[in-house]
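Working notes for the structure below.
Computed from the coordinates by the stated procedures, all read-outs in this text should not be read as laboratory data. Keep in mind that what you see is a predicted model, and the values were worked out from it rather than measured. For neighbour counting, all protein chains shown are included, and Cβ atoms are generated from backbone atoms with ideal geometry for every residue, glycine included.
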Amino acid sequence: MTSGLTQWLAGEAEATETRGLTRTLRVREAGDAVVDLAGNDYLGLATDERVIAGAVEAVRTWGAGAMASRLVTGTTRLHDELEAGLAAYVGQPDALVFSSGYLANVGVVTALGGPGTLVVSDAHIHASLIDACRLSRSRIAVAPHNDLSAFAALLAERNEQRALVLVESVYSVLGDAAPLVELAEICAAHDAVLVVDEAHGLGVTGAGRGSVAAAGLAGGLAAAEHVVVTVTLSKALGSQGGAVLGSGLLKRHLVNRARSFIFETGLAPAACGAALAAVKVLESEPSRPAAALECTARLAEACGVEPPAGAVLSVPMPGPREAVAARDACLARGVQVGCFRPPSVPDGVSRLRITARATVQGSELDRACEVVSAAVKEYS
Ligand SMILES: Cc1ncc(COP(=O)(O)O)c(C=O)c1O
């Protein structure tokens, strides 16, 4: 007899298939020759020899795992060095490393929020921040994307004493930027904390140091006291992990209150070593972010869209089936691009998500531009 679970799963699979929304996993083989314009390794550091060496040395010195929560024995000298290196690079007083960017977002929102707090989130924030809102048990209000007057009105109308505003510096699906200076002003005027997720800004915008630094909101300035930054180590830094950056007092609070920090094993040494090496590469090669932006501009021109704020290019498609067909056409010609469809797009618009990489240049970039341009024209 078929179990209830099996029947339910089969029904769900059929419903997803009927809506044209089935997702499948594509296994990437070692040495895959496909040009990857779907991942988030914007600077090509995941395969950089210096970054790999950082991971290998860390494993040899510290072992394969962190062995325990950061609060028990899972904080090594390497974690400490990584936090100092990250904070110095993005111009924040301090940093706390988590084992993913997802958990960093969950940690900061749950530790700063709670009953008696209003969280105002942009309509396009990443799923990790949406889940963080739900877990925080705060009252949640959603502002239309980048709508400054809506943010101001929601903060002004609140009864709660405390408030958080959640935005991304470069939006992960749309690829556009948040108006950080204006948002910081609104938050200061309404005594709210501005949490900026720099997952797609770090390593790309602000000559690599991110959009918060570029907006003059870093460096422990009084004007930036209410600005908190989160990053992932898993994109431009080519490693794995995440971090929250802000004051020493904020770090202390997170160490004591952020459940996604307290109740997880510390970030693996290999990921720490790789991320620290990547930060050092960025310090020594300040031209890498510009190379990623040049690649973005070429791809944007090929797709007939405006160059975006960072390295994420959003190309709207007529529907989910056309988006999938265009993605498959690119892959058949050796170029992998991302394809976002409902429900993972907040505005319901299916699109190709094409990401640039500093190391895709010359004839490889020419060919990639030709392939994506042809697919976009055919299925638009
Ligand atoms: C905006 C944003 N925030 C957070 C995350 C989560 O980061 P991680 O992959 O390190 O968990 C992502 C990753 O997809 C992201 O795009």
Beta bridges by DSSP in the stretch 148-272, antiparallel share as percent, to the nearest 5: 35 percent
Cα gyration tensor, the stretch 93-162 - rounded (a/c under 1.5), prolate or oblate: prolate
Cα-based shape type of the chain, given that a ≥ b ≥ c are square roots of the gyration tensor eigenvalues and the cut on a/c is 1.5: rounded
Ranking of Phe340, Phe151, Phe263 by count of other Cβ atoms within 10 Å, fewest first: Phe263, Phe340, Phe151
The chain: calculated mean residue ellipticity at 222 nm from DSSP helix runs of at least 4, using -39500 (n - 2.57): -13500 deg cm²/dmol
Per-peptide average of other Cβ atoms within 10 Å, ordering 165-173, 68-76 highest first: 165-173, 68-76
Inter-part distance where the stretch 97-162 and the stretch 253-323 are each reduced to a Cα centre, Å: 21 Å
Simple spin-label estimate for Ser380 and Arg321 in nanometres, 7 Å along Cα-Cβ: 2.1 nm
Label-point separation, Glu81 to Arg259 (7 Å along Cα→Cβ), nm: 3.5 nm
Leu21 versus Ala68: modelled label distance in nm, points set 7 Å from Cα along the beta carbon direction: 4.5 nm
The chain: relative contact order in percent, alpha carbon pairs under 8 Å with at least 6 residues between: 24 percent
Theoretical FRET efficiency, 1/(1+(r/R0)^6), r = Cβ-Cβ of Leu135 and Gln361, R0 51 Å, to 0.05: 0.75
Spatial separation of Cα centroids for the stretch 42-86 and the stretch 339-380, in angstrom: 33 Å
25 Å Cα-Cα reach of Lys235 towards lysines, excluding residues that sit fewer than 8 places from it in its own chain: Lys251, Lys280
Efficiency of FRET between Ala297 and Glu182 - r from beta-carbon atoms, R0 35 angstrom, step 0.05: 0.85
Share antiparallel - DSSP beta bridges, the chain, percent rounded to 5: 45 percent
Rel. contact order, % - alpha carbon contacts under 8 angstrom, at least six apart, the stretch 213-262: 23 percent
Contact order relative to length of the stretch 58-216, as percent, for alpha carbon pairs under 8 angstrom and 6 or more apart: 18 percent
